[in-house]
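The values are calculated or read from the model by the stated rules, or taken from the named source; none is laboratory data. As the structure is a computational prediction, the values presented were derived from the model and not from experiment. Heads up, the Cβs are rebuilt from the backbone with ideal geometry, glycines too, and the neighbour counts pull from every protein chain shown.
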């Protein structure tokens, strides 16, 4: 209900003219450049990288590689088009971990542990899923330049990405044992805590006035994140011997709807624009139902 209410408020803000077309970019910029980096940085900096933490991080990363290997094998075996391989890859691994995942986890587990696990899992999975997703989109546009030039562009963009920088900076501070002064730590926690509400509200703003087509294809693709990836994550986390709460958080994270930012990226790269828009709509609105079903299946 909190998720649907905030999405609805964001949608109504556009419907009633309180916010206008393009205003969502301000909200997106705030979350992307300020709130989310603050959340990632402070949580990484305050994380103690003991035996359990690396195991949790590895258990979060492994489910990303399994479908990638599977898709490449099917591509080589069946010989379908490369753009189909790219669509399957992005529809599976590029989830809304920060804009939807962190809010949902903090709503489901409203404790400091819930927020910490949400931030840690989102940061861990993003380390792999974001570079792979951007690389796939650049490869999709390869006909315009050489592969070396495209990969160089990817590396350059990642080196300036605020989320990547905040994650690695926080990990570095934790490893060297640097303690952040209390006033700064408090300010970062306050800034990071705004991520949940603003991100979900922004989703409703994004969904208003979009063109939605290829609903049937989008519905099929949504099953990759509704069923396939969470199932893989369930077995992976079981093999890694994680505790119930940790396993549940990772399974839920891998079941989050496709990233909202794919709307912008699909337009920028001219990549299945109508299908991606419908996929975001179906997976985002359906998440309020299927994520709770996963919670029930996992015993919560």
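Note on the stretch 1-57: among residues that are surrounded by 13 or more Cβ atoms within 10 Å (Cβ to Cβ) and not in a helix (DSSP H, G or I), the one that is modelled with the lowest pLDDT is 47.
Among the residues of the stretch 87-107, which ones are in a helix (DSSP H, G or I) and at pLDDT below 90?
Narrowing the stretch 87-107 to residues in a helix (DSSP H, G or I): 87-93, 97-107.
Matches in the stretch 87-107: 97, 98, 99, 100, 101, 102, 103, 104, 106, 107.
Look at (1) part of a helix (DSSP H, G or I); (2) within 25 Å of residue 14 (Cα to Cα); (3) in contact with a strand residue (DSSP E or B) (Cβ under 8 Å, 6 or more places away or on another chain) and you find that residue 197 fails only one, number (3). The set of residues from the stretch 192-222 being modelled with pLDDT of 90 or more and either closer than 21 Å to residue 109 by Cα or loosely packed, with under 14 Cβ neighbours inside 10 Å (or both) comprises just one member, 220.
Have a look at 185, 174 and point out the one that is assigned to a helix (DSSP H, G or I), touching a helix residue (DSSP H, G or I) at 6+ places or on another chain (Cβ under 8 Å), surrounded by fewer than 17 Cβ atoms within 10 Å (Cβ to Cβ) and touching a residue at least 40 places away in the same chain (Cβ under 8 Å).
Values: 174 fails: surrounded by fewer than 17 Cβ atoms within 10 Å (Cβ to Cβ).
It is 185.
Could you check, for the stretch 111-118, whether at least one of its residues is assigned to a helix (DSSP H, G or I), under 28 Å from residue 70 (Cα atoms) and either modelled with pLDDT under 80 or in contact with a strand residue (DSSP E or B) (Cβ under 9 Å, 6 or more places away or on another chain) (or both)? Checking the stretch 111-118: not a single residue is assigned to a helix (DSSP H, G or I), under 28 Å from residue 70 (Cα atoms) and either modelled with pLDDT under 80 or in contact with a strand residue (DSSP E or B) (Cβ under 9 Å, 6 or more places away or on another chain) (or both).
Considering the stretch 234-246, the residues that are in a helix (DSSP H, G or I) and surrounded by fewer than 21 Cβ atoms within 10 Å (Cβ to Cβ) include one that is nearest to the chain's Cα centre (by Cα), namely 234. Considering (1) at pLDDT 80 or above; (2) outside any helix (DSSP H, G or I), the lone condition that residue 289 does not fulfil carries the number (2).
Looking across 229, 250, 224, one residue alone is assigned to a helix (DSSP H, G or I), touching a helix residue (DSSP H, G or I) at 6+ places or on another chain (Cβ under 7 Å) and over 21 Å from residue 56 (Cα atoms). It is 224.
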